[in-house]
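The values are calculated or read from the model by the stated rules, or taken from the named source; none is laboratory data. It should be emphasised that the depicted structure is a prediction, and the values quoted were computed from it without experimental measurement. Cβ atoms come from the backbone with ideal geometry, glycine included; neighbour counts cover every protein chain shown. Calculation scope for accessible area: heavy atoms of the full protein, side chains included, ligands and nucleic acids excluded. Shrake-Rupley method; radii C 1.70, N 1.55, O 1.52, S 1.80 Å.
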Amino acid sequence: MPEGPEIRRAADQIERALQHKQVADVYFAFQELQGYEDILQGAVVTGVDTKGKAMLIRFDNGYTIYSHNQLYGKWYVRNVYNYPKTNRQLRLALHNEKKSALLYSSSDIDVLRDEEVSEHPFIAKAGPDILSEKVTTRDLLQRIRDRKFLRRRWAILLLDQGFVAGIGNYLRSEILFSAGIHPSLRPIDCSEDQLVKAAGAIIRLMEQSYRTGGITNDLELAEKLKAEGVKRSRYRHWVFNREGAHCFICGTEIEKTQAASRRLYYCPECQNAEARPSAR
């Protein structure tokens, strides 16, 4: 499933193709949405926002298209009516004079009046979006200490879109490693230093992943490994998807476990449940 940084990058691409331009043609695959095709045709796209893994395409006539990629959804931006060769099912298409924005495979699509967006079930429950809203380390520390979150295991909490919108599976592992927190711990079990590091890592790694197209490792180290011929999949992350490989910090083998029915990776030395984190 694409995470917040991937959706924000897709939103940027769609915004470059559609913003300030009149929509010449609209297609919805789902019958219950097809009545909006005529309403949106001729409208001008004013902007493309995100809320975690959800995207909001806004129009000058007071309507917004909400979409969530879910597990398999994928956006394409192509020259107008130049459809990709794919076995995926087209769910939504927006065409202007030069470009087409095409959403495949996702079934979570809605059209809302602007004033209804905040009441949408996903939007209403979602936490702050690091990449679309101004969120500080202090804001996140206050949120972490909230009684709704303080006693929940980090491995579960970080996937809760009501805590911070846009964190998914790879970011979860990377945030915990960067903060030196064992996946079994809860915020209440952590030192103040760990909490500060966790809040900082959430912001820093989401922003870095957005800028770099998914790299959460130290950027100098990633460049060094790339120059040595290491595959991207082996230098992209600190721990995620690196089971059995050596930790870049201490050399211990990375381990894999399951949490919330999804794979999670960690370093048993750097994230020792009894240890305090080192600077990273």
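Please verify whether segment 76-88 includes one or more residues that are of a type in the set (Phe, Trp, Tyr), buried (at least 21 other Cβ atoms within 10 Å of the Cβ) and within 24 Å of the chain's Cα centre (by Cα). No, because not a single residue in segment 76-88 is of a type in the set (Phe, Trp, Tyr), buried (at least 21 other Cβ atoms within 10 Å of the Cβ) and within 24 Å of the chain's Cα centre (by Cα).
Taking helices (runs of 4 or more DSSP H) as the structural unit, those lying wholly within segment 176-259 and holding at least 3 residues that are without any contact (Cβ under 8 Å) to a residue 24 or more places away in the chain and charged (D, E, K, R) correspond to 219-227. If you take the residues in segment 89-98 that are open to solvent by less than 80 Å² (accessible area, probe 1.4 Å) and under 10 Å from Ala24 (Cα atoms), which one is farthest from the chain's Cα centre (by Cα)? Once the filter is applied, the top-ranked residue is Asn96.
Checked across segment 206-214, the condition of being crowded, with 24+ Cβ neighbours inside 10 Å, of a type in the set (Val, Ile, Thr) and under 25 Å from Asp12 (Cβ atoms) holds for no residue. When Leu40, Leu18 are checked against the criterion of being farther than 27 Å from Ala165 by Cα, more than 20 Å from the chain's Cα centre (by Cα), open to solvent by less than 50 Å² (accessible area, probe 1.4 Å) and at pLDDT 95 or above, Leu40 stands alone in meeting it. Which ones in segment 225-244 are touching a strand residue (DSSP E or B) at 6+ places or on another chain (Cβ under 7 Å) and either open to solvent by 60 Å² or more (accessible area, probe 1.4 Å) or over 17 Å from Ile175 (Cα atoms) (or both)? Asn241, Glu243, Gly244, listed by residue number. Has segment 27-35 got at least one residue that is closer than 19 Å to Asn82 by Cα, open to solvent by 10 Å² or more (accessible area, probe 1.4 Å) and in contact with a helix residue (DSSP H, G or I) (Cβ under 8 Å, 6 or more places away or on another chain)? Checked against the condition, which is being closer than 19 Å to Asn82 by Cα, open to solvent by 10 Å² or more (accessible area, probe 1.4 Å) and in contact with a helix residue (DSSP H, G or I) (Cβ under 8 Å, 6 or more places away or on another chain), segment 27-35 yields at least one hit.
Criterion applied to Arg138, Arg152, Arg143 was being crowded, with 17+ Cβ neighbours inside 10 Å and farther than 26 Å from Cys247 by Cβ, and the one residue passing it is Arg143. Does Gln34 satisfy the criteria of being free of Cβ contacts under 8 Å to residues at least 24 places away in the same chain and out of contact with any Ser or Thr (no Cβ under 6 Å at 6 or more places or on another chain)? Answer is yes for this residue.
So is Glu269 open to solvent by 40 Å² or more (accessible area, probe 1.4 Å) and in a loop (DSSP other than H, G, I, E, B) or not? So Glu269 passes the test. Taken together, the criteria exclude Gln142 from residues that are more than 18 Å from Gly127 (Cβ to Cβ), modelled with pLDDT of 95 or more and in a helix (DSSP H, G or I). Residues in segment 221-240 that are β-branched (Val, Ile, Thr) and in contact with a Cys (Cβ under 9 Å, 6 or more places away or on another chain): 1 in all.
Summed over segment 144-158, the residues that are more than 23 Å from Asp218 (Cα to Cα) and touching a residue at least 24 places away in the same chain (Cβ under 8 Å) give a count of 9.
With respect to Asp108, is the statement that it is modelled with pLDDT of 95 or more, in contact with a helix residue (DSSP H, G or I) (Cβ under 9 Å, 6 or more places away or on another chain) and crowded, with 16+ Cβ neighbours inside 10 Å true? No: the conditions fail for Asp108.
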